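Taking it in order: structure first as C-alpha coordinates, then the write-up.
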Amino acid sequence: MHDGPHDRPAAHTPRLARLARLARIPRTRRTDRPERTEHTARTGRAARTARRRRAAQAAMLCCVLGLLPATWLRLSTDDLRADAGTADAPAAPVALVFGAGLWDGEPSPYLAHRLDAAADLYERGKVRAVLVSGDNSRKEYDEPEAMRAYLTERGVPARQIAADYAGFDTWDSCTRAARVFGVDRALLVSQDFHIRRATALCRAAGIDSYGVAVPEPHDATWYAGGLREIPGAAKAAFDAGATPDPRFLGPHEHGVDRALADARRRGAGR
(Lines give C-alpha, C1' and ligand atoms only; values in the text may rest on other atoms or scores of the structure.)
Protein backbone atom coordinates (compact mmCIF):
# COMPACT_ATOMS: atom_id res chain seq x y z
CA MET A 1 0.00 0.00 0.00
CA HIS A 2 0.99 3.59 -0.59
CA ASP A 3 0.05 5.52 2.56
CA GLY A 4 1.52 8.96 1.81
CA PRO A 5 2.49 11.33 -0.97
CA HIS A 6 6.11 10.33 -0.73
CA ASP A 7 5.14 6.80 -1.52
CA ARG A 8 3.59 7.67 -4.92
CA PRO A 9 5.30 6.35 -8.06
CA ALA A 10 8.21 8.40 -9.32
CA ALA A 11 6.58 8.67 -12.77
CA HIS A 12 4.02 11.09 -11.34
CA THR A 13 6.55 13.38 -9.63
CA PRO A 14 7.31 15.74 -12.62
CA ARG A 15 3.63 16.16 -13.39
CA LEU A 16 2.85 16.99 -9.76
CA ALA A 17 5.73 19.42 -9.68
CA ARG A 18 4.43 21.28 -12.71
CA LEU A 19 0.97 21.51 -11.19
CA ALA A 20 2.47 22.85 -7.97
CA ARG A 21 4.39 25.55 -9.82
CA LEU A 22 1.27 26.59 -11.71
CA ALA A 23 -0.64 26.81 -8.44
CA ARG A 24 1.96 29.23 -7.06
CA ILE A 25 1.78 31.57 -10.11
CA PRO A 26 -0.48 34.51 -9.21
CA ARG A 27 -3.51 34.64 -11.49
CA THR A 28 -3.69 37.91 -13.42
CA ARG A 29 -7.00 39.53 -14.39
CA ARG A 30 -7.60 39.90 -18.13
CA THR A 31 -8.44 43.43 -19.00
CA ASP A 32 -10.60 44.71 -21.86
CA ARG A 33 -9.19 46.63 -24.87
CA PRO A 34 -7.44 49.74 -23.64
CA GLU A 35 -9.41 52.92 -24.07
CA ARG A 36 -8.43 54.95 -27.09
CA THR A 37 -6.30 57.92 -26.39
CA GLU A 38 -7.26 61.38 -27.56
CA HIS A 39 -4.67 61.07 -30.32
CA THR A 40 -6.28 57.87 -31.56
CA ALA A 41 -9.71 59.51 -31.53
CA ARG A 42 -8.43 62.50 -33.51
CA THR A 43 -6.82 60.16 -36.03
CA GLY A 44 -10.09 58.26 -36.48
CA ARG A 45 -12.08 61.46 -36.98
CA ALA A 46 -9.56 62.71 -39.54
CA ALA A 47 -9.75 59.42 -41.45
CA ARG A 48 -13.55 59.55 -41.55
CA THR A 49 -13.47 63.16 -42.73
CA ALA A 50 -11.00 62.27 -45.49
CA ARG A 51 -13.21 59.40 -46.63
CA ARG A 52 -16.27 61.64 -46.76
CA ARG A 53 -14.30 64.28 -48.69
CA ARG A 54 -13.12 61.72 -51.23
CA ALA A 55 -16.68 60.42 -51.65
CA ALA A 56 -18.00 63.94 -52.22
CA GLN A 57 -15.25 64.67 -54.74
CA ALA A 58 -16.01 61.44 -56.60
CA ALA A 59 -19.72 62.28 -56.70
CA MET A 60 -18.95 65.78 -57.98
CA LEU A 61 -16.66 64.39 -60.67
CA CYS A 62 -19.37 61.97 -61.80
CA CYS A 63 -21.87 64.83 -62.03
CA VAL A 64 -19.47 66.94 -64.08
CA LEU A 65 -18.67 64.08 -66.44
CA GLY A 66 -22.35 63.25 -66.76
CA LEU A 67 -23.23 66.82 -67.72
CA LEU A 68 -20.38 67.34 -70.18
CA PRO A 69 -22.23 65.74 -73.14
CA ALA A 70 -25.34 67.84 -72.47
CA THR A 71 -23.16 70.95 -72.31
CA TRP A 72 -21.53 69.99 -75.61
CA LEU A 73 -24.97 69.64 -77.23
CA ARG A 74 -26.09 73.02 -75.95
CA LEU A 75 -22.97 74.87 -77.05
CA SER A 76 -22.63 73.18 -80.44
CA THR A 77 -26.23 73.72 -81.55
CA ASP A 78 -27.16 76.99 -79.90
CA ASP A 79 -27.56 78.91 -83.19
CA LEU A 80 -28.82 75.99 -85.30
CA ARG A 81 -32.45 75.75 -84.30
CA ALA A 82 -35.70 77.68 -84.62
CA ASP A 83 -37.29 77.78 -81.19
CA ALA A 84 -40.32 79.68 -82.49
CA GLY A 85 -41.32 76.81 -84.77
CA THR A 86 -41.81 76.74 -88.52
CA ALA A 87 -42.15 80.47 -89.13
CA ASP A 88 -38.48 81.22 -88.40
CA ALA A 89 -37.03 78.18 -90.18
CA PRO A 90 -34.88 78.70 -93.28
CA ALA A 91 -35.56 76.88 -96.53
CA ALA A 92 -34.02 73.45 -97.17
CA PRO A 93 -34.67 70.66 -99.67
CA VAL A 94 -35.89 68.10 -97.12
CA ALA A 95 -37.63 67.97 -93.76
CA LEU A 96 -36.52 64.98 -91.66
CA VAL A 97 -39.16 63.90 -89.14
CA PHE A 98 -38.10 61.54 -86.34
CA GLY A 99 -40.50 58.88 -85.10
CA ALA A 100 -42.02 59.16 -81.63
CA GLY A 101 -44.24 56.11 -81.27
CA LEU A 102 -47.70 54.93 -82.28
CA TRP A 103 -50.87 54.62 -80.24
CA ASP A 104 -53.15 51.92 -81.62
CA GLY A 105 -51.52 52.28 -85.02
CA GLU A 106 -51.85 56.08 -85.10
CA PRO A 107 -49.13 58.67 -84.41
CA SER A 108 -48.75 59.48 -80.73
CA PRO A 109 -49.55 63.10 -79.78
CA TYR A 110 -45.88 64.08 -79.83
CA LEU A 111 -45.37 62.45 -83.23
CA ALA A 112 -48.55 64.08 -84.56
CA HIS A 113 -47.22 67.49 -83.51
CA ARG A 114 -43.96 66.81 -85.36
CA LEU A 115 -45.89 65.83 -88.48
CA ASP A 116 -48.10 68.91 -88.20
CA ALA A 117 -44.93 71.03 -88.19
CA ALA A 118 -43.56 69.18 -91.24
CA ALA A 119 -46.85 69.68 -93.13
CA ASP A 120 -46.68 73.38 -92.27
CA LEU A 121 -43.10 73.59 -93.54
CA TYR A 122 -44.21 72.04 -96.83
CA GLU A 123 -47.22 74.33 -97.07
CA ARG A 124 -45.04 77.38 -96.51
CA GLY A 125 -42.66 76.24 -99.26
CA LYS A 126 -39.79 75.83 -96.80
CA VAL A 127 -39.13 72.24 -97.95
CA ARG A 128 -39.80 70.29 -101.15
CA ALA A 129 -39.79 66.77 -99.68
CA VAL A 130 -40.37 65.10 -96.33
CA LEU A 131 -38.40 62.10 -95.09
CA VAL A 132 -40.20 60.25 -92.30
CA SER A 133 -37.91 58.00 -90.27
CA GLY A 134 -39.18 55.45 -87.80
CA ASP A 135 -39.41 51.87 -86.58
CA ASN A 136 -40.73 49.02 -88.71
CA SER A 137 -38.83 46.22 -86.98
CA ARG A 138 -41.92 44.04 -86.84
CA LYS A 139 -44.79 43.57 -89.28
CA GLU A 140 -47.54 44.78 -87.00
CA TYR A 141 -45.72 48.02 -86.13
CA ASP A 142 -45.14 50.35 -89.08
CA GLU A 143 -44.28 53.81 -87.86
CA PRO A 144 -43.18 55.32 -91.22
CA GLU A 145 -46.39 54.29 -93.02
CA ALA A 146 -48.51 55.77 -90.24
CA MET A 147 -46.48 58.97 -90.55
CA ARG A 148 -46.92 59.02 -94.33
CA ALA A 149 -50.69 58.52 -94.04
CA TYR A 150 -50.97 61.32 -91.48
CA LEU A 151 -49.09 63.74 -93.76
CA THR A 152 -51.14 62.93 -96.86
CA GLU A 153 -54.33 63.53 -94.89
CA ARG A 154 -53.00 67.01 -94.18
CA GLY A 155 -52.22 67.94 -97.73
CA VAL A 156 -48.66 66.73 -98.35
CA PRO A 157 -48.63 64.79 -101.66
CA ALA A 158 -47.63 61.15 -101.24
CA ARG A 159 -45.02 61.53 -104.00
CA GLN A 160 -43.25 64.16 -101.87
CA ILE A 161 -42.85 61.81 -98.91
CA ALA A 162 -40.00 59.30 -98.56
CA ALA A 163 -39.97 56.70 -95.81
CA ASP A 164 -37.07 55.24 -93.86
CA TYR A 165 -38.21 52.02 -92.21
CA ALA A 166 -35.03 51.49 -90.16
CA GLY A 167 -34.83 54.69 -88.15
CA PHE A 168 -34.56 52.87 -84.83
CA ASP A 169 -32.92 55.74 -82.98
CA THR A 170 -31.75 59.28 -83.67
CA TRP A 171 -28.31 58.28 -84.90
CA ASP A 172 -29.70 55.64 -87.24
CA SER A 173 -32.16 58.17 -88.67
CA CYS A 174 -29.43 60.75 -89.23
CA THR A 175 -26.75 58.51 -90.70
CA ARG A 176 -29.23 56.64 -92.92
CA ALA A 177 -30.64 59.93 -94.16
CA ALA A 178 -27.13 60.86 -95.31
CA ARG A 179 -25.73 57.50 -96.43
CA VAL A 180 -28.83 55.73 -97.73
CA PHE A 181 -31.08 58.56 -98.91
CA GLY A 182 -28.37 61.02 -99.96
CA VAL A 183 -29.63 63.94 -97.85
CA ASP A 184 -26.99 66.64 -97.46
CA ARG A 185 -29.14 69.54 -96.18
CA ALA A 186 -32.31 69.29 -94.12
CA LEU A 187 -34.63 70.82 -91.58
CA LEU A 188 -34.99 68.49 -88.60
CA VAL A 189 -38.38 68.32 -86.89
CA SER A 190 -38.71 67.24 -83.26
CA GLN A 191 -39.67 68.50 -79.81
CA ASP A 192 -37.54 71.20 -78.24
CA PHE A 193 -35.95 68.85 -75.65
CA HIS A 194 -34.74 66.49 -78.43
CA ILE A 195 -33.86 68.87 -81.25
CA ARG A 196 -30.37 69.72 -79.99
CA ARG A 197 -29.31 66.08 -79.96
CA ALA A 198 -30.86 65.46 -83.37
CA THR A 199 -29.09 68.48 -84.85
CA ALA A 200 -25.69 67.55 -83.43
CA LEU A 201 -25.98 63.95 -84.65
CA CYS A 202 -27.17 64.84 -88.14
CA ARG A 203 -24.33 67.30 -88.50
CA ALA A 204 -21.92 64.59 -87.34
CA ALA A 205 -23.43 62.36 -90.03
CA GLY A 206 -22.60 64.96 -92.69
CA ILE A 207 -25.94 66.76 -93.06
CA ASP A 208 -26.09 70.56 -93.04
CA SER A 209 -28.85 70.60 -90.43
CA TYR A 210 -31.13 73.16 -88.85
CA GLY A 211 -33.51 72.16 -86.08
CA VAL A 212 -37.17 73.13 -85.96
CA ALA A 213 -38.27 72.84 -82.34
CA VAL A 214 -41.91 71.81 -81.90
CA PRO A 215 -43.25 73.52 -78.75
CA GLU A 216 -45.03 71.41 -76.16
CA PRO A 217 -46.62 72.14 -72.77
CA HIS A 218 -44.22 71.36 -69.95
CA ASP A 219 -46.17 68.44 -68.53
CA ALA A 220 -44.98 65.13 -67.06
CA THR A 221 -44.30 63.69 -70.51
CA TRP A 222 -42.16 66.68 -71.45
CA TYR A 223 -40.10 66.45 -68.27
CA ALA A 224 -39.66 62.69 -68.75
CA GLY A 225 -38.38 63.35 -72.26
CA GLY A 226 -36.00 65.97 -70.92
CA LEU A 227 -34.59 63.58 -68.32
CA ARG A 228 -34.07 60.94 -70.98
CA GLU A 229 -31.86 63.39 -72.84
CA ILE A 230 -29.18 63.20 -70.13
CA PRO A 231 -28.15 59.59 -70.95
CA GLY A 232 -29.11 60.32 -74.57
CA ALA A 233 -26.50 63.06 -74.67
CA ALA A 234 -23.79 60.61 -73.56
CA LYS A 235 -24.76 58.18 -76.33
CA ALA A 236 -24.85 61.08 -78.79
CA ALA A 237 -21.31 62.07 -77.86
CA PHE A 238 -20.15 58.51 -78.55
CA ASP A 239 -22.06 58.29 -81.85
CA ALA A 240 -20.78 61.68 -83.02
CA GLY A 241 -17.20 60.69 -82.23
CA ALA A 242 -17.22 57.07 -83.39
CA THR A 243 -19.80 57.46 -86.23
CA PRO A 244 -20.78 53.77 -86.13
CA ASP A 245 -22.78 52.12 -88.88
CA PRO A 246 -26.54 52.06 -88.31
CA ARG A 247 -28.20 48.81 -87.36
CA PHE A 248 -29.17 48.39 -91.01
CA LEU A 249 -27.32 50.22 -93.77
CA GLY A 250 -28.30 48.77 -97.12
CA PRO A 251 -28.05 50.21 -100.63
CA HIS A 252 -28.97 53.70 -101.76
CA GLU A 253 -32.70 54.41 -101.76
CA HIS A 254 -34.19 56.86 -104.26
CA GLY A 255 -37.27 58.08 -102.40
CA VAL A 256 -35.85 61.52 -101.63
CA ASP A 257 -34.30 61.81 -105.11
CA ARG A 258 -37.66 61.10 -106.76
CA ALA A 259 -39.49 63.53 -104.48
CA LEU A 260 -37.06 66.35 -105.24
CA ALA A 261 -37.06 65.58 -108.96
CA ASP A 262 -40.86 65.66 -109.00
CA ALA A 263 -40.83 69.00 -107.16
CA ARG A 264 -38.45 70.44 -109.73
CA ARG A 265 -40.63 69.23 -112.59
CA ARG A 266 -43.65 70.90 -111.05
CA GLY A 267 -41.74 74.09 -110.47
CA ALA A 268 -42.12 73.87 -106.70
CA GLY A 269 -38.42 74.21 -105.93
CA ARG A 270 -36.70 77.21 -104.54
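The values are calculated or read from the model by the stated rules, or taken from the named source; none is laboratory data. Fair warning: this is a prediction, and the values are worked out from it, not measured in the lab. Positions of Cβ are generated from backbone atoms using ideal geometry, with glycine treated the same way; all protein chains shown enter the neighbour counts. Areas reflect the complete protein model, heavy atoms only, side chains present, ligands, DNA and RNA absent. Shrake-Rupley method; radii C 1.70, N 1.55, O 1.52, S 1.80 Å.
Overview of values
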| read-out | value |
| --- | --- |
| Per-peptide average of other Cβ atoms within 10 Å, ordering 99-107, 199-207, 232-240 highest first | 199-207, 232-240, 99-107 |
| Amide H contacts of L188 (H built 1.01 Å from N, under 5 Å, at least 5 apart or other chain) | L96, Y210, G211, V212 |
| Summed side-chain charge close to G206 - residues other than G206 whose Cβ falls under 9 Å, Lys, Arg +1, Asp, Glu -1 | 0 |
| Radius 13 Å from Cβ of E253, net charge of other residues (Lys, Arg +1; Asp, Glu -1) | +1 |
| Spacing of the two label points (7 Å from each Cα toward its C-beta) at T40 and Y223, in nm | 5.1 |
| Distant-in-sequence amide H partners of D164 (H built 1.01 Å from N, under 5 Å) | V132, S133, G134 |
| Region 108-257: relative contact order in percent, alpha carbon pairs under 8 Å with at least 6 residues between | 24 |
| Per-residue SASA entry for Y223, accessible area with 1.4 Å probe, Å² rounded to 10 | 130 |
